[in-house]
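The structure appears below as structure tokens.
No value in this document is a laboratory result; all are computed from the given coordinates. Computed from a predicted structure; not experimentally measured. A quick note on method: Cβ atoms are made from the backbone with ideal geometry, for glycine too, and the neighbour counts reach across all protein chains shown.
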Amino acid sequence: MCKVYAYCRVSTQKQELQRQIDNISKVYSDAIFYSDKFTGATTDRPNWNKLYKILKAGDTIVFDSVSRMSRNAAEGASLYEELYNRGINLVFLNEPYCNTDTYRQSAQQSIPTTGNEIADIYIEATNKVIMILAKRQIEIAFEQAEKERLDICKRVKDGMQAKKKKAAEMGITVHYGAKLGVKLTTKKSISAKEIILKHSKDFGGTLSDAECMQLAEVSRNTFYKYKAELKNQF
């Protein structure tokens, strides 16, 4: 018996799958769902691999969009063609023109040959053009999905660089990807620590805590925090 599956994917653990699930459930309420929170740049995804292994001819997979199947154009188009040739039905809610039914209809529109050698040459050429155009339409959809992924990556990278540049102008060193709790280093903190290290009695200097605090121009809490951090370094 042929089955209807649904596949949902997001790129990070923080993103939610619910919107895709809701969209598909409205149309295919009996679909069997598989989902991954994994990058869309590759099809090497745990639950996708499980689904892929159990697919049989006549089964259907429903996606919210082609980008949920793959955002790598070459890999997506290749996978599409492979599943199509296996007799798997692919449905894309946001791009119905990419559904395998549409592709198969294009194939069925092939013009029958006539037996006339010259006429049949033109007919065969026309049939090839129909299939090339149908396949190209699928490739364009995956290329667009890949472009969107690359554009998002570029915007994120540009945004991080802009913030880092602005922070540098303010004397702040920003380390992206640092663990929670890692503190930012500023020019003011570096200067204050240098004063504490040079003048505090705790480090061989001559000034008391109150005098060193005043010289470094920091609050009491900040002074003792910096002093504790310096002691941990030695």
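Near ILE88, the amide H atoms lying under 5 Å from its own belong to GLY58; only residues 5 or more places off or on other chains count, and H is placed 1.01 Å from N. Here's how it looks for SER35: its modeled amide H is under 5 Å from those of CYS8, which are all 5 or more places away or on a different chain. Within straight-line reach of LYS193, meaning a Cα separation under 26 Å, sit the following lysines at least 8 residues removed in sequence or on another chain: LYS163, LYS164, LYS165, LYS166, LYS179, LYS183, LYS201, LYS225, LYS227, LYS231. Under 5 Å from the amide H of ASN99 lie the amide H atoms of PHE92, each residue being 5 or more positions distant or on a separate chain, with H modelled from the backbone and absent for Pro and chain starts.
Within the same chain, aspartates and glutamates fewer than 8 places from LYS198 are excluded, and of the rest, those with a Cα less than 18 Å from its Cα are ASP209, GLU211, GLU217, GLU229. Rounded to 0.05, the FRET efficiency of the ALA125 and SER29 pair, given R0 = 45 Å and the Cβ-Cβ distance, is 0.50.
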